[in-house]
1. Which ³J(HN,Hα) values in Hz, rounded to whole numbers, follow from the phi angles of region A:174-186 under the Karplus curve 6.51 cos²θ - 1.76 cosθ + 1.60, where θ = phi - 60° and Gly and Pro get x?
2. Using heavy-atom solvent-accessible surface (probe 1.4 Å) with all chains present, what is the largest-first order of A:Glu73, A:Glu294, B:Glu71?
3. Considering the convex hull of the alpha carbon atoms of region A:261-332, report its projected area averaged over all viewing directions, in nm², one decimal.
4. Determine, from the Cβ-Cβ distance of A:Arg249 and A:Glu128 and an R0 of 45 Å, the FRET efficiency 1/(1 + (r/R0)^6), rounded to the nearest 0.05.
5. Pop out the carbon and sulfur fraction of the accessible area of the protein assembly as shown as a percent, whole number, probe 1.4 Å.
6. Quick one: which bits of region B:221-247 get at least 50 Å² less accessible when the partner protein chains are in, versus the chain alone, with a 1.4 Å probe?
7. Nearest 0.05, what FRET efficiency do A:Ser18 and B:Asn274 give at R0 = 45 Å with Cβ-Cβ as r?
8. Tell me which residues come under 5 Å, amide H to amide H, from A:Asp183 once H is placed; ignore anything under 5 positions away on its chain.
Amino acid sequence: MGSSSGEEEGTNKWVPPSQRPELADVVPVGQDDGPCPVVSISYRDDFREVMDYFRALYSAGERSPRALHFTAEAIHFNPGNYTVWHFRRLVLEALDTDLLQEMNFVDQIAESNPKNYQVWHHKRWLAEKLGPDAANSEHEFTRKMLAIDAKNYHAWSHRQWVLQALGGWESELQYCNQLLEEDVFNNSAWNQRYLVITSSPLLGGLVAMRDSEVDYTVEAIMANPRNESPWRYLKGLYKGDNYLPVADRRISDVCLKVLKDDSTCIFALSLLVDLLRMGLQPSDELKGTIESMENCDPETSHVDLATAVCSILQKCDPLRISYWSWYRTTLS
Amino acid sequence: MGEPGELAADEHVRYIVTAEKKKDSFESLVMEHLRLSGAYWGLTTLDLLHKLQAVDAREVVDWIMSCYHPESGGFAGNVGHDPHVLYTLSAVQVLCLFDRLDVLDVDKIADYVAGLQKEDGSFAGDIWGEVDTRFSYISICTLSLLHRLHKINVEKAVEYIVSCKNLDGGFGAMPGGESHAGQIFCCVGALAITGSLHHVDRDLLGWWLCERQCRDGGLNGRPEKLADVCYSWWVLSSLIMIDRVHWIDKEKLAKFILNCQDKENGGISDRPDNAVDIYHTYFGVAGLSLMEYPGVKPMDPAYALPLDVVNRIFLRKQQ
Ligand SMILES: [Zn+2]
């Protein structure tokens with residue numbers, strides 16, 4: 001792709017396509033948008049000219065090195081234009097280009113456009129062609145992108161796809177540990193952790209992992225009780241089973257411990273009321289803790305504990321008072 | 001911030017109508033490839049505000065049809081671009097607004113969409129095969145509006161969507177993908193249209209969705225993210241479809257949306273005091289519509305079109 005302009009930014013002066021000898025035979029094609037009054041901004045005119053030449057090569061279906069070069073230039077102007085990417089793939093297929101070099105090209109674009117669907121799709125298309133050998137470098141790349149934005153949905157989707165299609169699970173749980181150490185509120189990392197413990201071919205699945213995961217999660221909750229993600233994760237570890245979380249003392253204990261310090265922690269109260277509804281027999285200590293809470297209505301202390309917890313939730317989560325009122329009706 | 005006040009409907013109409021005409025702005029050059037979606041956002045908003053007649057229906061329909069690819073049966077985002085299901089749905093939705101589905105070769109379009117279903121039931125967005133639950137929704141919604149759902153394997157399509165369900169009751173872009181309000185709308189919408197909502201754990205998902213309401217009254221799309229006007233639509237419509245919308249504080253949400261208006265020049269932004277755009281203008285007005293805001297037409301939460309438009313399509317169906 002060693003033609004005059006575009007790709008090697010900075011050093012060479014940008015030459016408008018209309019002044020390039022290698023494009024002398026191309027007749028530019030404008031966007032058919034109806035009449036438009038022209039107000040001149042120079043960058044915009046360059047952009048328009050590039051797109052007019054792109055359209056000419058595209059509609060002629062030209063699969064040549066200069067067409068490939070031109071798609072790169074159009075992408076630099078507007079990486080969101082999916083038609084340009086489509087055409088680039090057609091040209092790549094026709095020219096039998098070096099796909100690793102293409103991966104480097106798209107990685108550069110992705111770094112400055114981390115939330116662009118086309119870019120990530122192009123990467124997936126390439127990775128699929130490159131096969132399992134590409135797994136490690138792709139994981140390295142998403143790691144780099146997630147270091148900048150740890151919740152980038154596109155990067156996570158790509159990483160999960162690579163794991164499932166090409167492999168590279170070896171250090172994934174450790175990676176989740178690392179991300180959660182950096183930010184325990186990162187819901188994407190909790191989600192990834194769930195994928196790893198349920199789907200990694202190296203770990204033995206959810207049931208085998210449950211015990212150690214409960215310990216890990218309880219610890220994360222104790223460090224930051226007002227964090228929605230680990231509470232949901234903890235419930236997810238039992239996946240709809242009503243008996244197991246009630247029988248596991250660690251679950252009701254974490255609720256109790258948190259509530260002793262922070263009597264309005266919604267997630268602890270919520271899990272507790274779930275456990276009570278599923279048949280937990282509250283210890284005297286738990287009962288005492290709830291009944292001594294300042295939000296606990298003295299009149300409710302003679303009703304069952306689940307109802308009492310629900311009425312506390314109605315008071316300390318006013319934004320969702322309707323939800324808790326409804327929940328209360330499910331208890332009788 | 002001050003008092004949010006009322007919906008500046010006239011200003012929003014003016015903002016949309018003039019944005020449509022600014023074909024030469026830099027923004028419109030960058031947006032060139034998705035003009036069709038822009039048209040859907042703008043025109044649906046106009047219709048919700050009872051002002052669809054502010055544009056020339058014939059001109060719009062002619063332009064939409066110039067984005068059609070007769071060889072494939074799909075629509076492109078603009079004249080001369082490649083077809084994609086995203087823009088095919090936008091085209092069909094806009095034609096629904098104007099009651100002009102008669103201009104379409106319905107079976108050709110339905111075959112294009114149905115042809116993108118994969119063996120596992122999922123859908124690709126175009127011939128390049130990008131798979132995402134967004135495309136499941138788009139395909140199912142398009143086919144249903146065209147009365148051609150029977151052209152796909154609905155059972156498999158539903159099975160794939162259900163395979164994207166997470167421990168929190170939400171849905172992601174693919175199996176294992178994190179729950180995200182936008183993807184939840186797509187999955188719940190597709191399940192609603194195909195009569196498969198029994199696959200949703202309504203109470204669990206409803207709680208996750210109402211946990212999206214932040215202290216400022218706005219809704220976010222994932223835990224620990226900032227509230228944003230566009231999630232008013234994704235979250236609210238999902239809550240309505242699963243019959244749990246009474247779990248959020250609507251008054252606070254309406255205030256949040258109204259606070260994001262540019263009351264002078266029209267338009268709505270993602271958050272208070274940010275720059276407005278047509279996308280968030282649409283989602284803001286649509287969100288208010290779902291909360292029965294006075295003066296705004298009611299919206300269908302699954303088809304993302306005004307209710308009267310959807311009724312016209314399904315009540316008339318006699319073919
Ligand atoms: Zn937004």
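1. 5, 4, 4, 4, 4, 5, 6, 5, 5, 8, 6, 8, 6
2. Values: A:Glu73 5, A:Glu294 170, B:Glu71 135 Å².
Sorted descending by solvent-accessible area, the residues read A:Glu294, B:Glu71, A:Glu73.
3. On the way: hull surface 17.9 nm².
Mean shadow area of the hull around the Cα atoms is 4.5 nm².
4. Details: r = 48 Å, r/R0 = 1.06.
Efficiency for this residue pair is about 0.40.
5. 51 percent
6. Going by heavy-atom accessible area, the residues of region B:221-247 that drop by at least 50 Å² are B:Arg222, B:Pro223, B:Glu224, B:Trp247.
7. On the way: r = 38 Å, r/R0 = 0.85.
Plugging the Cβ-Cβ distance into 1/(1 + (r/R0)^6) gives 0.70.
8. none
The values are calculated or read from the model by the stated rules, or taken from the named source; none is laboratory data. Since we're looking at a predicted model, the values are computed, not measured. Please note: Cβ atoms are built from the backbone with ideal geometry, for glycine as well, and neighbour counts cover all protein chains shown. Heads up: the accessible areas ignore ligands, DNA and RNA and are worked out on the full protein's heavy atoms, side chains in. Shrake-Rupley method; radii C 1.70, N 1.55, O 1.52, S 1.80 Å.
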